[in-house]
Amino acid sequence: MVPGFTEVGYYMTGLRLLIRGKREGFGYLDISERGDARSFWAILWCMPSLLLSWGWWHWMFITIMPEGVKTGLPFFARLALVDAVDWMLPLLIAAMISLPLKLERQFPAFVVVTNWISVPFSFAHALIIAPIIFFPQVLSIAYLAWLALLLVAVFVLARRMRMVYGANMALVAVFVALQILPGMFMEDYLQRLLGVAPF
């Protein structure tokens, strides 16, 4: 069953406490095996902002591409595939390195926190995109907003990874990098490979 507003709000409270360095934030999160699986409902919670993002990306694509280039449903399916890989890749990489580093006990918490933290960042991303749809001339300002959001994401990721993996800053840095860099490079590669990159 999809988590409702009350439950998700409870999770957001936990995340907020973790970002503030308070371990009691874990008490607001379900890091059991069931909670680990249910945290993927966060994808559905992100769908409104994802749909807005896909619509804006489609508008950019048809604006820049030569007249007559067709898109249709396959275009949006490819965008969905890119976002799915972008979502899952950091989790898969983290899973692969957790076992040799003997961090498998922390991995469920990593998954739960990573999935649910995607919701507020997804909506923040949508808030940046929305004005561009109606006022394309603010695109340059939006780029600055995206940069600011990325810096906030790095800070938030570092804080929550510290709560999951402890005070080992080298380990925290590795997991923060895993959350951001592979997805960025793979997203750009897949967009070009699948023919949905407007630039």
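The values are calculated or read from the model by the stated rules, or taken from the named source; none is laboratory data. None of these values were measured; they are calculated from a predicted model. Backbone-built Cβ (ideal geometry, glycine too); neighbour counts: all protein chains shown. Accessible surface is based on the protein model in full, side chains and every heavy atom, while ligands, DNA and RNA are left aside. Shrake-Rupley method; radii C 1.70, N 1.55, O 1.52, S 1.80 Å.
Summary table
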| read-out | value |
| --- | --- |
| Dimensionless Rg/Rh of region 29-72 - Kirkwood Rh, Rg from C-alpha atoms | 1.32 |
| Overall form of region 43-125 per C-alpha gyration tensor (a/c, 1.5; a/b vs b/c) | prolate |
| Fraction of accessible area attributable to carbon and sulfur, region 87-199 (%, probe 1.4 Å) | 77 percent |
| Length-normalised contact order for region 103-199 - Cα pairs under 8 Å, 6+ apart - percent | 21 percent |
| Region 1-128, dipole about Cα centre (Lys/Arg Cβ +1, Asp/Glu Cβ -1), debye to the nearest 20 | 260 debye |
| For the chain, average projected area of the Cα convex hull in nm² | 12.2 nm² |
| Descending Cα extents along the principal axes, region 125-199, whole Å | 44, 28, 15 |
| Surface accessible to a 1.4 Å probe, per residue, for the residues of region 1-125, Å² | 56 Å² |
| Gln137 paired with Val69, simple spin-label distance in nm, labels 7 Å along Cα-to-beta-carbon | 2.6 nm |
